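Asker: Have a look at the structure that comes next, please.
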Amino acid sequence: MKALVYRELMRSRRIVIFTLFASVMEAMLFILLALSFRVGNLALLPQAMREQFFELNNTVSLPLMAFLAGIIMMTAASSDSESSMLWRMFRTSTPVTPLKFAGAKYLMLGCWLLVSVLCASLFSCLFCLAADIRFTLDNFATAVGCIEVVLIFSVVSQVIQAFMRASKDKAGLVLAAVFLVPVAVVGFVCTENNIDLGITPEKLTELCVTLLPFTPLVLAVIFGAGVLLTAAAYKRREK
């Protein structure tokens, strides 16, 4: 198991370093923007415009930085396709069970999840410090909720790659067709017909705070389902 986890670490380390650097740079843009609104040139704008910017922090800036941190985990999970390394041929020739291979993959994904949560918390704290606002439980719950959404997409992408023997690009297309396209269609229809679904940033934040105590259970379900489905896909492909 130790060697399998090390293999997962080595295959994803380069793309993680690059993505981490890009996420830090993008988060710094938000932080510098907040500083400018507070003590820089943008502080010369009318009071109403500055208040509007700081009102958008909880609904736009902080969740977006959490998604940026979650991308670190997602890119690590799908850093390459096994077919390009002929890894499947090697895996099927070893006595290691598919469950152990899948377990090592998701154990490393759990490590990247921890990195993403730490980065999201750090980005949010620095932004709140720059904007002179408090980092509250609502902010932390929203960050955790955003990263959990990214985690679900990452796990589903891994399962799709395992079952379809597809590259990360093809798995991304399938994922978009299954999840993102229906959401976009529903949003377009509601906008065109002035249908109010009653989904507001405040309600989403309240939902994240409500689900925060159940985070360990949610993570256990996501990782458990991912391990079992990926192992079943590996076993199916060996037949």
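Asker: Among the numbered conditions (1) out of contact with any Gly (no Cβ under 7 Å at 6 or more places or on another chain); (2) modelled with pLDDT of 75 or more; (3) within 28 Å of Gln158 (Cβ to Cβ), tell me where Val227 comes up short.
Answerer: Every condition holds for Val227 apart from (1).
Asker: Could I ask something else about it? For segment 165-185, how many residues are over 18 Å from Ile152 (Cβ atoms) and either at pLDDT 75 or above or surrounded by 12 or more Cβ atoms within 10 Å (Cβ to Cβ) (or both)?
Answerer: If we filter segment 165-185 for residues that are over 18 Å from Ile152 (Cβ atoms), which is where we start, we get 165-167, 169-170, 185.
Still in the list and also either at pLDDT 75 or above or surrounded by 12 or more Cβ atoms within 10 Å (Cβ to Cβ) (or both): 165-167, 170, 185.
Number of matching residues: 5.
Asker: From the residues in segment 139-164 that are at pLDDT 75 or above and open to solvent by 60 Å² or more (accessible area, probe 1.4 Å), which one is nearest to Pro213 (Cα to Cα)?
Answerer: Per the criteria, the residue is Phe140.
Asker: Tell me which residues, restricted to segment 102-138, are charged (D, E, K, R), more than 27 Å from Thr210 (Cβ to Cβ) and assigned to a helix (DSSP H, G or I). Let's see the steps before the verdict.
Answerer: Of all residues in segment 102-138, those charged (D, E, K, R) come to 105, 132, 134, 138.
This time we only want the ones that are more than 27 Å from Thr210 (Cβ to Cβ), so: 105, 132.
Lys105 - this is the single residue of segment 102-138 that is charged (D, E, K, R), more than 27 Å from Thr210 (Cβ to Cβ) and assigned to a helix (DSSP H, G or I).
Asker: Mind counting the residues in segment 115-137 that are open to solvent by 20 Å² or more (accessible area, probe 1.4 Å) and farther than 15 Å from Val24 by Cα?
Answerer: Residues flagged as open to solvent by 20 Å² or more (accessible area, probe 1.4 Å) and farther than 15 Å from Val24 by Cα within segment 115-137 amount to 7.
Asker: Just the residues that are more than 30 Å from Leu109 (Cα to Cα), open to solvent by 30 Å² or more (accessible area, probe 1.4 Å) and either among the hydrophobic types (A, V, I, L, M, F, W, C) or at pLDDT below 75 (or both), please, taken from segment 1-39.
Answerer: Result: Leu32, Leu33, Leu35, Val39.
Asker: Here are some conditions: (1) modelled with pLDDT under 80; (2) surrounded by 13 or more Cβ atoms within 10 Å (Cβ to Cβ). Val189 meets all but one. Which one does it not meet?
Answerer: All conditions are met except number (2).
Asker: Select from segment 113-149 the residues that are within 20 Å of the chain's Cα centre (by Cα) and of a type in the set (Phe, Trp, Tyr) and list them in ascending order.
Answerer: Step one: list which residues in segment 113-149 are within 20 Å of the chain's Cα centre (by Cα), which gives 113-127, 137-149.
Of everything in segment 113-149, those that are within 20 Å of the chain's Cα centre (by Cα) and of a type in the set (Phe, Trp, Tyr) turn out to be Phe123, Phe127, Phe140.
Asker: If you don't mind, there's one more thing I want to ask. Does at least one position in segment 84-98 carry a residue that is at pLDDT 80 or above and of a type in the set (Lys, Arg)?
Answerer: Looking through segment 84-98, none of the residues is at pLDDT 80 or above and of a type in the set (Lys, Arg).
The values are calculated or read from the model by the stated rules, or taken from the named source; none is laboratory data. All values derive from a computational prediction rather than experimental measurement. Here Cβ is always computed from backbone atoms with ideal geometry, including for glycine, and neighbour counts include all displayed protein chains. The protein model used for the area step is the full one, side chains on, heavy atoms only, and it has no ligands, DNA or RNA in it. Shrake-Rupley method; radii C 1.70, N 1.55, O 1.52, S 1.80 Å.
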